[in-house]
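Have a look at the structure below, then the notes.
The values are calculated or read from the model by the stated rules, or taken from the named source; none is laboratory data. Everything numeric here is computed off the predicted structure, so don't read it as measured data. In this analysis, Cβ positions are derived from the backbone assuming ideal geometry, glycine residues included, and neighbour counts consider all displayed protein chains. When the accessible area is computed, the model is the full protein with side chains, heavy atoms only, and any ligands, DNA or RNA have been set aside. Shrake-Rupley method; radii C 1.70, N 1.55, O 1.52, S 1.80 Å.
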Amino acid sequence: MRSPIHEYLTELLQSCEVVQGGAPASYIPELAEADPSQFAIGLSAVDGAVYCAGDAEVEFTIQSISKPFVYGFALEDLGPEKVWDAVDVEPSGDAFNELSLEPETGRPMNPMINAGALATHALLLPGGGVDARVERIRSGLSALAGRELEIDEQVYHSEMETAYRNRALANMLRSAGNVDLEPLQLVRGYTRQCAVRVTTRDLAIMAATLSNGGVQPWTGERVFSARVVRQVLTVMTTCGMYDSAGDWLSTVGIPAKSGVGGGIIGVLPGQAGIATFSPPLDTHGNSVRGVGVFERMTEDMGLHLMSVPPPARSVLRDDGEITTADGGRVGIYALQGAIQFAGAEWIARHLEQFPPESPTVAWDLSRTYSVNKVARRLLLEIARGLEDDGRTVVLIDPDGVIADPVIGDGRRLRVVDSLAGIVGEEALRVPAYYTSPSVDTPTPDVTTVE
Ligand code: GLU
């Protein structure tokens, strides 16, 4: 069987081919020569399975799509304070090449406009030269792409010939004391950063590395910490699409970044990285067909991050009581899925309303695949409360989803791999496993999610 995703992307590409309008970026002579008919879509699942349609192997320059990644490199290399001191995170609503600095602090508004991207670039390898900074960036982008990326010398030289605006920005930053590099050196480094060549396939896996919390799915290399990914995605969400960020968030609703080379990346956290390529741009500098593809995908696939997910009440799959081989009673609560705040809160409420009667309480986590920080804390607090009430809480946790279950005062919950570890093999021959009927889980009001 061929995955229907291939068909879907091909059909999507064809249906968006009718979207006309826009023109390749003309302020960089080499980009003005781009073939406007080239068109590609790439989608990478979070585990690195990539699906492509159209001209996905055609190379083009990354341009501003480098900005969120370089912001991530700066956060990794220098830490958040130094980066924060240099660049703010406020959407500007200005054009990407606006000559502006925040009046109060004198910082560029955000790292996605050119002023902020230049200041971010300048942060890397303090004391290093242009080549060292560019190599830090080229190799970092290569780690994200899972292959060695190269710089397009022709586009670089072409852009340098007309980079008057960026030179003005670099001079502005230098004169305001934001950077201490020679402005022309800064523009050279930044322009080389923008001239790194990528394919749509590359961009899809680079975006998927962000979706995957910073670990490149093919190589397993952790390129960004989870905290850095969160910050990068935040800035992409508020500032990624030039001065149409609000429009984009309303209609598409996922963190994204576009570049004047015609590329766009979108990141669906925890699920997928998406990339498009089509050189004709709209007046904001975003690829016209790329925007069309993302708008359609949001409709078809329900990408919008502000769509409300179903309530998390179904974390309690079942509960019941079982008798051990020696006649003891164990109340068993089978939990499932990914437990976050809402799920743990629901468990706490359920146990408050229906306190377990048995002396031993077992939480079966064998079908629970993750417990986040707040849920872990809540569950351990609940366990502590139950133990303080004279119950013994045992975790059936073969995969260690609640590692090191310490509940304070030197107490630690007992952990077993299976139910047999609590009740003994003998009791498992008793047909009743979870003897009581299914827990009365309220039917969620919201059953369909866009
Ligand atoms: N190198 C381009 C510039 O600085 C990047 C702009 C973009 O992709 O938005 O003008």
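Note on region 153-177: among residues that are of a type in the set (D, E, K, R) and in contact with a helix residue (DSSP H, G or I) (Cβ under 8 Å, 6 or more places away or on another chain), the one that is most open to solvent (accessible area, probe 1.4 Å) is Glu161.
One residue stands out among those in region 43-65 that are more than 11 Å from Arg201 (Cα to Cα) and more than 16 Å from the chain's Cα centre (by Cα): the one that is farthest from the ligand (Cβ to nearest atom), which is Phe60. Taking the stated definitions as given, is Phe73 part of a loop (DSSP other than H, G, I, E, B) and either under 27 Å from Ala143 (Cβ atoms) or of a type in the set (Val, Ile, Thr) (or both)? No. One residue stands out among those in region 244-261 that are of a type in the set (A, V, I, L, M) and not in a loop (DSSP other than H, G, I, E, B): the one that is farthest from the ligand (Cβ to nearest atom), which is Leu249.
Condition check for Gln353 on (1) open to solvent by 50 Å² or more (accessible area, probe 1.4 Å); (2) closer than 26 Å to Pro311 by Cα; (3) touching a helix residue (DSSP H, G or I) at 6+ places or on another chain (Cβ under 8 Å): one failure, at (3). Do you know which residues across region 267-289 are within 16 Å of the ligand (Cβ to nearest atom), under 23 Å from Gly93 (Cα atoms) and part of a strand (DSSP E or B)? Across region 267-289, the qualifying residues are Leu281, Ser287. Looking across region 340-350, the residues that are crowded, with 19+ Cβ neighbours inside 10 Å and within 25 Å of the chain's Cα centre (by Cα) come down to Gly343, Ala344.
Can you name every residue in region 218-243 that is open to solvent by 30 Å² or more (accessible area, probe 1.4 Å), in contact with a helix residue (DSSP H, G or I) (Cβ under 9 Å, 6 or more places away or on another chain) and assigned to a helix (DSSP H, G or I)? First the steps, then the outcome.
Narrowing region 218-243 to residues open to solvent by 30 Å² or more (accessible area, probe 1.4 Å): 218-222, 225-227, 230-231, 234, 237-238, 243.
Within this subset, residues satisfying the condition of being in contact with a helix residue (DSSP H, G or I) (Cβ under 9 Å, 6 or more places away or on another chain) are 218-219, 221, 225, 227, 231, 237-238.
Within region 218-243, Arg227, Gln231, Thr237, Thr238 meet the criteria.
Summed over region 314-328, residues that are out of contact with any helix residue (DSSP H, G or I) (no Cβ under 7 Å at 6 or more places or on another chain) and surrounded by 15 or more Cβ atoms within 10 Å (Cβ to Cβ) total 7.
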